[in-house]
Each structure stands twice: as C-alpha cells, then as structure tokens.
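Taken together, the values in this text are just the output of simple stated rules run on the coordinates, not laboratory data. Bear in mind that the values here come from a model prediction, so they are computed numbers and not experimental data. Cβ placement follows ideal geometry from the backbone for every residue including glycine, while neighbour counts extend to all protein chains displayed.
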Amino acid sequence: MINYFNEAQRLNGENFRKQVNGFGFNFYLFAKLPAAYFSGVRVLSLTEESCKVKIPYKWFSQNPFRSTYFACLAMAGEMSTGLPCMMAIYKMNPKVSMLVVKMESTFSKKAADITTFECKDAPAIYEAVNRAIETKEGHTVETTAIGTNIAGDEVARFTITWSFKSK
C-alpha cells in the first residue's frame, strides 16, 4: 500500500485523475494551454506513482531541422512533472501554490517521431507538499522527466524544480 499521502489526498487524487483522463482535459488544454493543445501534447496516463505524456513530431511541433522543436519537448516534459504536482495540491486545505523555479535539459537524440515523457517522482512531490503544509514554509522538489522515442531510446531529459507553499 502506498503511504506517502493521507486519505484526503488519495481521494482528491482519484478525482483529479478522472478529470485528466476524460475529454474535459483536452478542452482545458485548448482553453488554458493552446500551444500545448495544438502541438499535440496529450496525457497517456497519470497514476499515484507516475505520469506519461506524449508529443508527436508533426507540422505544428517541428523545427527547421526535421525534428520536434525543443520548446514543444519542454512543454511535454514539464506537463509530465506538473500533473503529479497539480494532483498533489488538488483541493488541499489549506490551499497550496506551485511554481517552477528551475529547469535544466539535455537532448541526446533527434526527436523525429512520437516522444513520450515519463515522470516517476509523485511520491517525492507529495512529500514536498506535505512538508510545505506542516511547516508553513516553501519547499522544493526536483523532478525528472525522461523522453523516449518509439524505439525506447532516450531523446531528452528535463530536470524541473517545483516549489510549493501553503497559503
């Protein structure tokens, strides 16, 4: 049994995942993150442990070098770390704010097909959120999103530091 979050967080997480896995999330992307929507960023899965997001190589996401534009890769990488963060703070009482405070990236291979990013840092995210609530101070967590191509080769890696603060 996973024990890095309490019962309220577990229930809130289930409700958040239902919203993300439905048609409504594509509408949310369209309304609030149109660049991600039109680039083709889509959520493949969101669980209590990880999040997978994909970005296709297509006309809207390409660069002049016949690969996926780095900013589109960054959107997908950031979303794979950001959705677990959003899930961790969803309907929390007291409310918790989140913010990207640092991002590093490496690109190891040309992204010329679908790139899938996975972040497996949900337990560390929940821990940082809970520390922020308990201490009433800001806390950060470093998350990693690894992007792989269809063959399973690593294409890009994003290390994103998120900050959480209880309101």
**Complete:** Rounded to one decimal in nm, the spacing of the 7 Å Cα→Cβ label points at V100 and T140 is 1.5 nm
**Message:** Using 0.36 nm times the number of residues separating F107 and A35, minus their current alpha carbon distance, what extension gain do you get?
**Reply:** 23.8 nm
**Complete:** Within the range 55-85, the residues whose backbone N lies under 11 Å from a label point placed 7 Å from the Cα of T159 along the Cα-to-Cβ direction are none
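For a footprinting-style exposure proxy, rank F164, F70 by other Cβ within 10 Å, fewest first.
With the fewest neighbours first, F164, F70 line up as F70, F164.
What's the magnitude of the charge dipole for the chain around its Cα centre, counting Lys and Arg as +1 and Asp and Glu as -1 at the beta-carbon? Answer in Debye, nearest 20.
500 debye
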**Message:** Is there a quick way to get the dipole size of the range 102-167? I mean about its Cα centre, with the Cβ of Lys and Arg at +1 and of Asp and Glu at -1; what is the value in debye to the nearest 20?
**Reply:** 240 debye
**Complete:** Dividing the helical contributions, -39500 (n - 2.57) per DSSP H run of n ≥ 4, by the residues of the chain yields a 222 nm value, nearest 500 deg cm²/dmol, of -12000 deg cm²/dmol
**Asked** In the structure displayed, which of K18/K165; K32/K165; K32/K52; K32/K120; K58/K91 lie more than 28 Å apart, Cα to Cα?
**Response** K58/K91
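Of W59, W162, how do they rank once you tally other Cβ atoms within 10 Å and put the fewest first?
Starting with the residue having the fewest Cβ neighbours, the order is W59, W162.
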